[in-house]
1. How many of the residues in region 140-181 are within 15 Å of MET223 (Cα to Cα), out of contact with any Phe, Trp or Tyr (no Cβ under 8 Å at 6 or more places or on another chain) and in contact (Cβ under 8 Å) with a residue 60 or more places away in the chain?
2. Among what's in region 147-161 and is within 22 Å of the chain's Cα centre (by Cα) and of a type in the set (A, V, I, L, M, F, W, C), pick the residue that is surrounded by the fewest Cβ atoms within 10 Å (Cβ to Cβ).
3. So which residues in region 124-144 are surrounded by 17 or more Cβ atoms within 10 Å (Cβ to Cβ) and not hydrophobic (A, V, I, L, M, F, W, C)?
4. Give region 357-371 a look and list any residue that's in contact with a helix residue (DSSP H, G or I) (Cβ under 6 Å, 6 or more places away or on another chain) and surrounded by fewer than 20 Cβ atoms within 10 Å (Cβ to Cβ), or say none.
5. Which of the residues spanning region 1-42 are within 60 Å of the chain's Cα centre (by Cα) and not hydrophobic (A, V, I, L, M, F, W, C)?
6. From (1) more than 42 Å from the chain's Cα centre (by Cα); (2) modelled with pLDDT of 80 or more; (3) buried (at least 18 other Cβ atoms within 10 Å of the Cβ), pick out the condition that doesn't hold for LEU347.
7. Quick check on ASP209: is it assigned by TED's automatic domain parsing to the domain that holds LEU153, in a loop (DSSP other than H, G, I, E, B), more than 23 Å from the chain's Cα centre (by Cα) and at pLDDT below 90?
8. Hey, can you tell me all the residues within region 352-378 that are under 18 Å from GLY409 (Cα atoms) and out of contact with any Leu (no Cβ under 6 Å at 6 or more places or on another chain)?
Amino acid sequence: MLRFIASVGEPLNPEVVLWGRDVLGLPAHGNWWQIETGCVVITNLVACSVKPGSTGRSPPGMLALHVVPADGLTHADPTALAAQRTLVESLGGTYHQTTGESVGAAADAAARHTHQAVRATWEARVLNRLATAMMHGQDLPSLVEQVRESFGLTDVSLLERAPEATPGPRWYVVASAGAHPPEQPYEADVESPVSDTLTLATRGVLTTDDQRILGACAAQLGMAHLHGSLARHAAETDTFADAERTRASLIRAADRDLRERLCAAEAALARQDMDTARTSVRRAAQVVADLADLDRLQGGALDLYLRPVGLDELLTAVPDDLGPGGRTIQVRLPEQAPDVIADGALLTRVLTALAADALIHSPAGRPPTLTAEAFDGRLRIRLTGGADGAQRADSLTLRLSQDLTEAMGGTLEPTYDDGRLFSVTLTLPAAAIHS
C-alpha cells in the first residue's frame, strides 16, 4: 500500500503534483536540494498540505533568501515583480523590495556591528587575563610583558618619578619588557599616566581604541605596583620589629651572662681564689667581645675565610683553648671523617664556646660528649652535656654561635628534654673524601 510520495532535486511543476493526486491518490512532496549547502533548503513537510506549484517552506533552522542585482530591480517589469512577491509569499516568506544604497548601508552596519562585537570580546579578554594574572600573584615584570604581548608592542616600561626635589623630574624603571624599554616618558610613542608619579611608557603603533584599553591596563599595573609596595613595607616593618625583639633578647642574655661571670669573680676574690677570679673576669670580657663580634657580623663587617678544615685540627685546638677541663670531653668520631668547609678560626671559637658552656653545666662524673657523622655531603657535629636547657638555649653564647655558623653556610640547633639533657647539633658542608 502506497503511503507517501517524495522527490528531491529540482522543484516539481504543478502537473506532476496533480497527476500524483489523480492517479496514485497521493500528492508528491517536493524537496529542493541545493548542492552548495549540501542539504535540503526548501521542503514540503509531511504535516503540511501540498500546494501544486509551491516548493514548500524552509525547514527549521534554515533561512531562504532570493537575491537579485539592484540594477535588475530598477528596470524590472512591475508584473514580474508582482509575480516574484506572489512566489515568495506562497513559500511562506516575506517579500521586501529595497534599493542598492539601502542594501549597502545595511551591509556596512552589519560589518560594523560585527567588528564592534569582536573588538569588545578582545578588550574584555585582555583586561580579564591581566586581572586574573594579578589575582594569581604574578610579579610586576610578568604583568608588563603580558601587556606588551597583548597589544603587539616592541617595548613597555612602568616608570615612577623620584620623590626627591630636583630641577627636573627623575624617573626610575619599576618594571619593563622588550629589548630597549623607555627610561623616560618622552622616549615613548604612547604614554598612559597612572598618577602624578607613575606612568606607562610604550613603543609601538596603537589605535585610539587601543590607547583607551591600554589606559585601563596601566591602571591595573598601578594597583599591582601599589600592592607590592605595601607588602614590601609591611615585610620591612616586620623585619625591623623582629630585629628589635632580637636585640632586646640579646641585651637581656648578655646582661645575665655578665652578672653570672662577675658574681663568680667576686665570690672567688672573697675566697682569695685568684685563678677562678681571673677565669671569671676573662669570661666576662669574652661576653663583651661576643657582643662586638655579633654587631660586626650583623653589619656585614666580619671577614670569613672558608676552606676544608680537618676534625683532627679542630679537636686539637678546642681542648687547648679550654685548658685542663677540655681533656675530660668524651670524643667519638667515625674512622674516616671528611673535612668540613668552614672558617677554621671561627669554627674553633664556636666549638670552644659551646664546649665551655657544656663543661660548666655538666655534673661531676658526667663529662660532655662530642660526636660527628657524615651524611649527604654534610658533616653533623653534636655536643651533649648538662641541663638547664631552656636557659642555655637563650644564652648569648648560643646566639653568637648560631649566627657564626649560619654565616659559614651551616646550621646550629639546640635540643633539650624537659630541661634535663641539653645538646647542640652543628651541621656544615663537608669536603669530598679523596681515596
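The values are calculated or read from the model by the stated rules, or taken from the named source; none is laboratory data. This structure is a prediction, so every number in the text was calculated from the model and none was measured. When we count neighbours, we look across all protein chains shown, and the Cβ atoms used for this are built from the backbone with ideal geometry, even at glycine.
1. 5
2. VAL147
3. Answer for region 124-144, where residues must be surrounded by 17 or more Cβ atoms within 10 Å (Cβ to Cβ) and not hydrophobic (A, V, I, L, M, F, W, C): there is none.
4. LEU359, PRO367, listed by residue number.
5. GLN34, GLU36, THR37, GLY38
6. Only one criterion is unmet by LEU347, namely (1).
7. No: the conditions fail for ASP209.
8. Answer for region 352-378, where residues must be under 18 Å from GLY409 (Cα atoms) and out of contact with any Leu (no Cβ under 6 Å at 6 or more places or on another chain): GLU373, ALA374, PHE375, ASP376, GLY377, ARG378.
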